[in-house]
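The values are calculated or read from the model by the stated rules, or taken from the named source; none is laboratory data. Computed from a prediction, not measured in an experiment: that's the story for all the values here. Counting neighbours? That spans all protein chains shown, and the Cβs are built from the backbone with ideal geometry, glycine included. Quick note on the areas: whole protein, heavy atoms, side chains included, nothing else; ligands and nucleic acids left out. Shrake-Rupley method; radii C 1.70, N 1.55, O 1.52, S 1.80 Å.
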Amino acid sequence: WQTENGVLLPSLQSALPFLDLHGTPRLEFHQSVFDELREKLLERVSAIALEGKVEERYKKLEDLLEKSFSLVKMPSIQPVVMCVMKHLPKVPEKKLKLVMADKDLYKACAVEVKRQIWQDNQALFGDEVSPLLKQYILEKENILFSNDISVSHNFFSPSPKTRRQGEVVQKLTQMIGKNVKLYDMVLQFLRTLFLRTRNVHYCTLRAELLMSLHDLEISEICTVDPCHKFTWCLDACIREKFVDNKRARELQGFLDGVKKGQEQVLGDLSMILCDPFAINTLALSTIRHLQDLVGQDTLPRESPDLLLLLRMLSLGQGAWDMIDSQVFKEPKMEAELITKFLPMLMSFVVDDHTFNVDQKLPSEEKGPIPYPSTIPEAFTKFLQENRIACEIGLYYILHITKQRNKNAFLRLLPALVETFSDLAFSDIFLHLLTGNLTLLGDEFALEEFCTSLFDGFFLTACSRKENVHRHVLRLLLHLHHKVAPAKLESLQKTLEPTKQSGEAVKELYNQLTEKLELRKPSPAEVTETPSMELPLPAVPTPASR
């Protein structure tokens, strides 16, 4: 039996006793031969998949699969069967069903085979994708609530290319491969989740996924996605954090080029523009344009570039409504936004310039001119009722905070208590605001500044919005040493978590309490101090002699 089933090589028979002399079992020898042969076979299968005519090579592989599939559950043979299936562009339906029905086989097969299973089984594909999407949202939220507060390194700091290297985007890109059907399924998942949750991070993933496939030059998908060139151009703007004139014209060309009967593409374009990274770039560019217009004595309505930025902001901000209503047309821009609100913002810029010039002029008898403290009622109304105005207004406030312009900040802050859809209490805005406030660190020692910022703004929403509670605690963890002690003590009491508070709030509050405890002088030091204060004889000062 050994002779019949052994390795039939005449020269081997005389060599085998040597192994016996060395105490090597025949099993070990046969196992090593088997492993070697399996490696050779795997190499051969990969080679067959690349040689000869297409029909012939796949015919060979199909025959090999037919012969070997019955042994697929044998661990030693399984890699060969999986390798054959991996190289077949179309595995027979019957075999795919058998793989799908067996958890272990499904787990062991290559992603190329899984793609063939997924494309006809949306529910199974959804089960695979769902944990990745949850992980992605969680990663974004962790960045927004990170304890590292900084102006130079915030949520928008990483470049688009760096973001696309993230684990989730890379995994999804690999799962999709060149399969248009799977790509469409992922986009459908993202649209559905965006509708269900209104979470804008799904819009970011929509853009990142397309650009990740673009990086790999997967033309099979890029050429069929009507948003590809628009996203590519916008991606370059996001990288520069500015929309220049040349790219603005390109983007406008894409928007104007949407033909009758193809309006549905506006739904996808609006989702690309709703990505917070796109909104950030458009809003920063708008603020820059407004400042340039002040210098040129030009009104907003006379700047086509500015009007295009507003058009794209409007399309991005209207994404949810458009996808929800399935009415694919660009939202109408309110004329007052351009004729009243933007000139009002420009007047604030002028107020700053005027005040700065006044400060430099030699003061006359009338005394220094105070900084304007009131804000037009219309400004507050715009922030409450118009989404685009609110977004631009918030970015203007971030801009003046970054410039350390305390006067302008305190002047406009009251307008943030009530904003459109509570945008001033959104995580992205509060993440950026807390970062920029670190530049005004020294102002936290002043009672007036702290009262305006905490009592007048943050604490108005703390009890009803847990995210605001978290952001205030993040800010205090970073700046507690700058805040006046009396104010810090009252804030500590006010911010104490309730029973309903989440774990994150409690954890942050405990961290803050620990930090404050460390700063307090120890009781031993406090008791010792008086004993050292010996009564000193009064020494007359030079002035009193």
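Miscellaneous remarks
- Test for Thr527: is it modelled with pLDDT of 90 or more, more than 18 Å from Phe458 (Cβ to Cβ) and assigned to a helix (DSSP H, G or I): no
- Scanning the stretch 252-275 for residues that are of a type outside the set (A, V, I, L, M, F, W, C), part of a loop (DSSP other than H, G, I, E, B) and within 22 Å of Asp324 (Cα to Cα) gives Lys259, Lys260, Gly261, Gln262, Glu263, Gln264, Asp275.
- Verdict on Glu62 being free of Cβ contacts under 8 Å to residues at least 60 places away in the same chain, more than 18 Å from Ala110 (Cα to Cα) and either in a helix (DSSP H, G or I) or open to solvent by 40 Å² or more (accessible area, probe 1.4 Å) (or both): no
- Listed by first and then second residue, the pairs linking a residue in the stretch 1-27 that is modelled with pLDDT of 75 or more to a residue that is surrounded by 10 or more Cβ atoms within 10 Å (Cβ to Cβ) and part of a helix (DSSP H, G or I), with Cβ atoms under 6 Å apart and 6 or more places separating them unless they lie on different chains, are Leu19/Phe29.
- Just one residue in the set Ile397, Ile375 is surrounded by 15 or more Cβ atoms within 10 Å (Cβ to Cβ) and outside the structural domain of Glu443 (by the TED database); that residue is Ile375.
- Matching residues in the stretch 147-183 - criterion: being free of Cβ contacts under 8 Å to residues at least 60 places away in the same chain, of a type in the set (Ser, Thr, Tyr) and open to solvent by less than 70 Å² (accessible area, probe 1.4 Å): Ser157, Thr173, Tyr183
- Checking Phe230, Phe242 one by one, the residue that is open to solvent by 10 Å² or more (accessible area, probe 1.4 Å), within 23 Å of Pro304 (Cα to Cα) and in contact (Cβ under 8 Å) with a residue 12 or more places away in the chain is Phe242 and no other.
- For the stretch 118-131, the criterion of a residue being closer than 25 Å to Arg38 by Cβ and among the aromatic types (Phe, Trp, Tyr) is satisfied by no position.
- The stretch 209-225: number of residues that are surrounded by fewer than 16 Cβ atoms within 10 Å (Cβ to Cβ) and not in a helix (DSSP H, G or I): 4
- Test: residue in the stretch 349-372 that is in contact with a helix residue (DSSP H, G or I) (Cβ under 6 Å, 6 or more places away or on another chain), within 24 Å of Ser285 (Cβ to Cβ), open to solvent by 60 Å² or more (accessible area, probe 1.4 Å) and modelled with pLDDT of 90 or more: no
- Matching residues in the stretch 451-498 - criterion: being open to solvent by 20 Å² or more (accessible area, probe 1.4 Å), charged (D, E, K, R) and within 28 Å of the chain's Cα centre (by Cα): Arg464, Lys465, Glu466, Arg470
- Selection count where residues are touching a residue at least 24 places away in the same chain (Cβ under 8 Å) and in a helix (DSSP H, G or I), scope the stretch 31-59: 9
- Flag if Lys114 is more than 35 Å from the chain's Cα centre (by Cα) and among the basic types (Lys, Arg): no
- Residues located in the stretch 226-251, provided they are within 19 Å of Val186 (Cβ to Cβ) and not in a helix (DSSP H, G or I): Pro226, Cys227
- Residues satisfying the stated conditions in the stretch 8-33, i.e. closer than 30 Å to Met85 by Cβ and exposed (fewer than 12 other Cβ atoms within 10 Å of the Cβ): Leu27, Ser32
- Among residues of the stretch 123-143, those that are among the hydrophobic types (A, V, I, L, M, F, W, C) and either touching a Gly at 6+ places or on another chain (Cβ under 9 Å) or over 15 Å from Tyr202 (Cα atoms) (or both), counted: 4
- The stretch 95-120, residues that are open to solvent by 40 Å² or more (accessible area, probe 1.4 Å) and of a type in the set (S, T, N, Q): Gln119
- Filter pass, Lys73 being at pLDDT below 80 and either over 27 Å from Lys181 (Cα atoms) or in contact with a His (Cβ under 6 Å, 6 or more places away or on another chain) (or both): no
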